[in-house]
Amino acid sequence: MGAQGEAAYSDAHAHNYTFPHLKRSAGRIVAILAIVAVAVFLVMFVGGDDEYEITAEFQNASQLVTGNQVMVGGLAAGSVKTIELGPDGEAIVTMTVSDEFAPLTRGTTATVRQGSLSSVAGRQVQLTLPPAGSGGEEIEDGGTLTQSETVSAVDLDEIFNTLDTETVKDFKEVITGFRDSYEGVTKQANEGSKYFNPLLSTSRRVFDELTRNPGAFEGLLIDAASLSDLLAERDDDLTGLISNASAALGAIGRQRTALADAINQLPGFLRQANTTFVNLRATLDDLDPLVAASIPVAERLRPFFSEFRAAAAGAVPTVRDLDQIVRRPGKANDLIELTRLQVPLANVAVGSGAADCGSNPMRDQELQKAADGDFSQGALGETVCALRNSNPQLANLRAYIPELVGWFDGFSTSGLLDASGPLGRIQSTFNTFSVSTSTNTGQVLPDLLDPIDLSDFEAEGFDADNDARCPSSLERDPGDGSAPFTDGGAIDCDPSQVPTGP
């Protein structure tokens, strides 16, 4: 073959010897690369078990199904992975959360929401995250939200199931009442609905302020709960308040014409009151020192109002009874109707309002008015005239008071009382003027039925017809002219009528 042929043969033989070895090495390399590519694909596109998951304990599943969305602030943040029954009957819901919101922190709450009433399984889990910087510790992957951090959905039929038959009936009547109230006034209702937007916008601002200060809002809720407890303890009083308010509103409703007139006059009144309110600002500034000075007094009034509260509670039955006295159904049986009767009584009492007594109160014309029941000057005027015209009689009677008192005193005592004790005094008087039945003296008991001739007594030196005696006429004049008493001639009496004797 020669040298060149042997060299070519040797190269060909060498190539045939080494090619199978190189082919086997390339196959191993390709297999390794394929395995690495599959692993990278599984890591990148399947992800294995590295996705962030969290378990939430709900009171019930609220018709959740696997695949329902998990929402955060209206954005899709994951989905419901599994739903299982817990050992205590609770629903164990496992859900995934995207890396954008993971990991969650304590303070996060999970609430089951429903998209609409028409959907059966249209539920979603709403995650409410705490404000930035106010959350607790992080919840690790696979962590749990307890029932205190979850809220199950409440379906509308569950609310109605808590009501009894009578309440459901009343609620239907309320709905019917709303329908009747809008009947015929739909145009006005539509006009009024335009104001819902300002109402909702202002309400949003109010709720924004509440969320900015959760501590104050919590205090408000606690105070409201305390108020509800106090109202529950006073349910009887609250029932009475509602009944009275219903009666008051009913009375206002019966005065619709007057109420409409008052509302029409209200704008003018407010315009006039605007100036007054503007001027009132300076007055309020002047009242600031008074308010500052009243603060210590107000603090001291606290015990008084505590006692006054108890007194006011005790006065409730009295006020309730007073309400029955002031106003009650029926005729002529309450204080209001009695007050109305005072008007004709006042007219009768006052009359013309001027008392014209004249010189003689018993003149014929006035007697005729009295007989006819026509007292033009009223009962009070007639009383004034009677008192004025009785002054002369009272003046004369006033001077005879000592005689009258002495006469009463003579009947009240029959003796004296000294240190030795009471002393009784009995006296019998016999004289020539004593009536006797003795025939020797010629004096016999006269017939008492016969009329007495006073001239017979006057012939014997006795006086008769002494009916105008002056005061103290029974006393002898001590020499100063004080007896009998005539008050300088002002008393209508006869000073010459005095007892017989020196």
Quiz item: What FRET efficiency would be calculated for the residue pair E403, A490, taking the C-beta separation as r and a Förster radius of 22 Å, to the nearest 0.05?
Solution: 0.80
Exercise. May I ask you to sort I222, I92 by Cβ crowding, counting other Cβ atoms within 10 Å and putting the fewest first?
Key: I222, I92
Quiz item: With contacts defined as alpha carbon pairs under 8 Å and 6 or more residues apart, what's the relative contact order of region 81-214 in percent?
Solution: 17
Practice problem: In nm, give the distance between the simple-model label positions of N197 and T167, each being 7 Å from the Cα along the Cα-to-Cβ direction. | Solution: 3.8
Practice problem: Quick one: which residues, 5+ away or cross-chain, put their amide H under 5 Å from the amide H of G86? H built at 1.01 Å from N. | Solution: A91, I92
Practice problem: Pairs of Cα atoms under 8 Å, at least six residues apart: use those to get the relative contact order of region 53-159, whole percent. | Solution: 36
Exercise. Work out, in µm²/s and without decimals, the Stokes-Einstein translational diffusion coefficient of region 234-314 at 4 °C, 1.567 mPa s, Rh from Kirkwood over C-alpha pairs.
Key: 74
Self-check item: R254/D208 FRET efficiency (R0 35 Å; Cβ-Cβ; nearest 0.05)
Solution: 0.20
Self-check item: Length gained when the stretch D286-L341 is fully extended (0.36 nm per residue, less Cα-Cα span)
Solution: 15.1 nm
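Mind sorting I491, I263 by how few other Cβ atoms lie within 10 Å of their own Cβ, fewest first?
By the 10 Å Cβ count, ascending, the order reads I263, I491.
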Practice problem: Using amide H atoms built 1.01 Å from N in the peptide plane, name the residues 5+ places from L145, or on other chains, whose amide H lies under 5 Å from its own. | Solution: T55, A56, E57
Practice problem: Using packing as a proxy for protection, rank 332-341, 74-83 so that the peptide with the highest average count of other Cβ atoms within 10 Å comes first. | Solution: 74-83, 332-341
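Quick one: dipole size for region 53-159, taken about the Cα centre, charges +1 on Lys/Arg Cβ and -1 on Asp/Glu Cβ, in debye to the nearest 20.
360
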Exercise. Can you check what the Kirkwood hydrodynamic radius comes to for region 53-159, Cα pairs only, in Å to one decimal?
Key: 13.9
Practice problem: Calculate one ³J(HN,Hα) per residue across region 469-485 by plugging θ = phi - 60° into the Karplus curve 6.51 cos²θ - 1.76 cosθ + 1.60, and present them in order as whole Hz with x for glycine and proline. | Solution: 5, 8, x, 6, 5, 7, 8, 7, 5, x, x, 9, x, 7, 10, x, 8
Practice problem: Rank these for me by crowding, L220, L127, going from fewest to most other beta carbons within 10 Å. | Solution: L220, L127
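We did not get these values from a lab; they are worked out from the coordinates using the rules stated. The model shown is predicted, which means the values in this text are computed figures rather than measured ones. All Cβ positions, glycine included, derive from the backbone under ideal geometry; neighbour counts span all protein chains shown.
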